[in-house]
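*Asks:* Mind having a look at this structure? Questions to follow.
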Amino acid sequence: MNLRDLHYLVALAEHRHFGRAAEACFVSQPTLSTQIRKLEDELGVALVERTPRKVLLTDVGREIAARARDVLNEVEQIKGIARRTLDPESGTVRLGIFPTLAPYLLPHVVPLVRKRFPRLELLLVEEKTEEVLHRLHEGRLDAGIVALPVHEDSLHAEFLFEEPFLLAVPQSHPLARQPSLKLSDLNAQSLLLLEDGHCLRDQALEVCHLAGAGEKAGFRATSLETLRQMVAANVGITLLPTLAVKPPVAQAPNVHLVEFRGSHPPSRRIAMLWRKSSAMAGFLMQLAEVFRQLPKELLDAHSAASAQAAGPSIRHSRHRSP
């Protein structure tokens, strides 16, 4: 038994297809199939059920694949320790981040990371929070950026920043006439929300619960951009995180942003997570510090609301000019 065979087995467990597993391992399908059979002969047990359409692992195959994944992860940890002993700021970091944050945060923070760690290879994976956590546990990610709370005893959570929400409404909506809102102003309102699986949906539902609001029936968006365009089309109102309305994100026509006032306006708390057992913990702490260096104005809901609110008045003024 060698590490290569374990790598083949883990790939087969993930892809459940000999061809795709072989492609992921950069070998031919006959090579991978032969090595899996040799591993079965060596262990004296069947690891795989071969069917015409797909590959299923046996019970013992799944258990061995899970342990093989742990072994391969530990080997990568050992290699990482060695690399960072020679050059602490080089190597590769596999970072997961959820889709309602990734496109709005990364353009601001990646240049900071490149400046601070020019030799670092940052591999970014955009997935929903549940999948980010799953890949962290399996060792397929080194760290993940998610919204708190996360109740995982095996993971360390390093708080990065708090991101306020704004209410996005059509220009003609009654709430658009208010300079700011209390949470109670959402009472009896129906909000457009994302589909199941997005952490932003859960956060918005919590805001709705606190405010006495509800979800608009018959519609669930797949992305923040869909929500933004539905507001622009007068379909309804929604909550948008502040980074999602800051440049370079283009302003949508007919969308008015209103900030919340009060001592605890609605927001989401963003953190970087990694395994407590990770050999990269010291370096990941340094990486988290770079993420904290975002300019404060990027997380300022007041400036976001003011900037977009100023747009219509400027256009109207030009329209009236001779």
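The values are calculated or read from the model by the stated rules, or taken from the named source; none is laboratory data. Computed from a prediction, not measured in an experiment: that's the story for all the values here. Here the Cβ positions follow ideal geometry from the backbone for every residue, glycine too, while neighbour counts run over all protein chains shown.
*Asks:* I want to confirm something. Restricting to the range 192-206 and keeping residues that are of a type outside the set (G, A, S), without any contact (Cβ under 8 Å) to a residue 60 or more places away in the chain and part of a helix (DSSP H, G or I), which single residue is surrounded by the fewest Cβ atoms within 10 Å (Cβ to Cβ)?
*Replies:* By that ranking, first place goes to E206.
*Asks:* Considering the range 139-171 alone, what residues qualify as being touching a His at 6+ places or on another chain (Cβ under 6 Å) and surrounded by fewer than 20 Cβ atoms within 10 Å (Cβ to Cβ)? If you could, list the steps in order and put the result at the bottom.
*Replies:* Here is the first cut: in the range 139-171, the residues touching a His at 6+ places or on another chain (Cβ under 6 Å) are 169, 171.
Scanning the range 139-171 gives a single hit, Q171.
*Asks:* Taking R177 and the conditions (1) of a type outside the set (A, V, I, L, M, F, W, C); (2) over 20 Å from K246 (Cα atoms); (3) buried (at least 21 other Cβ atoms within 10 Å of the Cβ); (4) modelled with pLDDT of 90 or more, which numbered condition does it fall short on, given that it satisfies the others?
*Replies:* (3)
*Asks:* Assuming T31 fulfils every condition listed in (1) among the polar types (S, T, N, Q); (2) under 30 Å from M280 (Cβ atoms); (3) in contact with a helix residue (DSSP H, G or I) (Cβ under 9 Å, 6 or more places away or on another chain) apart from one, which condition is it?
*Replies:* That leaves (2) as the condition not met.
*Asks:* Still on this structure: Could you list, in sequence order, all residues of the range 118-136 that are surrounded by 14 or more Cβ atoms within 10 Å (Cβ to Cβ) and assigned to a helix (DSSP H, G or I)?
*Replies:* Filtering the range 118-136 for residues surrounded by 14 or more Cβ atoms within 10 Å (Cβ to Cβ) gives 120, 122, 125-129, 131-136.
If the condition is that a residue be surrounded by 14 or more Cβ atoms within 10 Å (Cβ to Cβ) and assigned to a helix (DSSP H, G or I), then T129, E131, V132, L133, H134, R135, L136 are the ones that fit.
*Asks:* Can you tell me which residue in the range 71-98 is modelled with the lowest pLDDT, limited to those that are surrounded by 18 or more Cβ atoms within 10 Å (Cβ to Cβ) and farther than 17 Å from H137 by Cα?
*Replies:* Here the residue is G80.
*Asks:* With (1) modelled with pLDDT of 95 or more; (2) of a type outside the set (K, R); (3) not in a strand (DSSP E or B) as the list, and A250 as the residue in question, which single condition is left unmet?
*Replies:* All conditions pass for A250, except number (1).
*Asks:* Do we find a residue being free of Cβ contacts under 8 Å to residues at least 12 places away in the same chain, out of contact with any strand residue (DSSP E or B) (no Cβ under 7 Å at 6 or more places or on another chain) and not in a loop (DSSP other than H, G, I, E, B) anywhere in the range 208-216?
*Replies:* The initial filter retains those residues of the range 208-216 that are free of Cβ contacts under 8 Å to residues at least 12 places away in the same chain, namely 209.
Among the residues that remain, those that are also out of contact with any strand residue (DSSP E or B) (no Cβ under 7 Å at 6 or more places or on another chain) are: 209.
Now drop any that are not not in a loop (DSSP other than H, G, I, E, B), which leaves 209.
Yes, the range 208-216 contains at least one residue that is free of Cβ contacts under 8 Å to residues at least 12 places away in the same chain, out of contact with any strand residue (DSSP E or B) (no Cβ under 7 Å at 6 or more places or on another chain) and not in a loop (DSSP other than H, G, I, E, B).
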